[in-house]
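Read-outs: derived from the displayed coordinates by stated rules, not from any lab. Keep in mind that what you see is a predicted model, and the values were worked out from it rather than measured. Cβ: placed from backbone, ideal geometry, glycine included. Neighbour counts: every protein chain shown.
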Amino acid sequence: MKKSFALRAAAAFLLAVTAAGIGVYQAYDAHPRPAVNLTDTTRTARTLVLDPGHGGADGGAVSVTGTYESKINLAIALRCRALAELYGIDTVMTRESETLDYPESASTIHAKKVWDTKARVELVNATPNAVLISIHQNKYTTASPHGSQALYAKTQGSRELAQAIQSNLSQVTGESKRTAARIGESIYLMNHIDCPAVLVECGFVSNVPEAKMLEEPAYQLKLAAVIVGTYLNSVC
C-alpha cells in the first residue's frame, strides 16, 4: 500500500473516530483536495510546524470569560500535535508552554514580542520541507461575529491548503459565510517564512457562546481533528 493512500485513509479514520466520540459532523468527502504543489516523491517528506500564537509575555486577546488567547491557542495546538504524531507526521512546535525563555536583552514587553516573533521565523525557515499552521483566536468590538477563518501566506501552496481547511471547518462549525483570505502584511511571521503557511482563526473570543466552546477540550479536539485531517489529506 502506498504511504500517501494509507495516510489519507488514516485521516478519514481519524475524523470518523472523533465524530463518533464527540458528535462532530464528518468534514471529508470522498475526494482528496491536493493543497501543496509537490511531486509524489516529496509530498510525504513534509514537516508540520505548529505555531500556538502568542505566549510568554504576550497573552494575545482576552476572552469574554477572562482567558488569555495564548492558553487556548496552546491547548488546540497540543491536540493537533498529538493527533499528527499518532499518524507518524514529523511535527515541530514553536512553543510548548505558556512560559518563554527570553534573552536578557529583551527587557520590555515589546522587545520580548519582537524577539519571540523573529525566533519563530528562524525556526520555521530552518525546518526542511516545512508546512506552517499557526493557531489563533479572533476578537471583535461587538459580540455578534463568530466562526473560524483560515488565512494564507503568499508562499506557494498556502492558498490551497487554507481553502481546504476553511471548507472543512465550515462544515464542522456550520459557519459558511467566511472564506479563506490572504493574510495581512502586518503579520510578521506569516510574511517572513519561506514555506506553505496557514493561520487559523479558530473562533471569536468576543462571542460568549463561542468563547465558552473554545475552552472546552471536546471542541478543541474537534478543531484539531479538522486541521490535522485536512493537512493529512492535502499534503501527505
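How would you rank His136, His146, His110, going from fewest to most other Cβ atoms within 10 Å of each one's own Cβ?
With the fewest neighbours first, His136, His146, His110 line up as His110, His146, His136.
Sort Thr155, Thr230, Thr65 so that the residue with the fewest other Cβ atoms within 10 Å of its own Cβ comes first and the one with the most comes last.
Ordered by Cβ neighbours within 10 Å, fewest first: Thr65, Thr155, Thr230.
Listed here are the pairs Lys113/Lys177; Lys113/Lys222; Lys118/Lys222; Lys118/Lys139; which of them are more than 28 Å apart at the Cα?
Among Lys113/Lys177; Lys113/Lys222; Lys118/Lys222; Lys118/Lys139, the Cα-Cα distance tops 28 Å for Lys113/Lys177; Lys113/Lys222; Lys118/Lys222.
What fraction, in whole percent, of alpha-carbon pairs in region 174-236 exceed 14 Å separation? Walk me through the numbers before you get to the answer.
Numbers: 1361 of 1953 pairs.
For region 174-236, the fraction of Cα-Cα distances above 14 Å is 70 percent.
Hey, what did region 120-236 get for relative contact order, percent, Cα under 8 Å, at least 6 apart? List each step's numbers first, then the result.
Working: 196 pairs, mean separation 43.5, N = 117.
Relative contact order, region 120-236: 37 percent.
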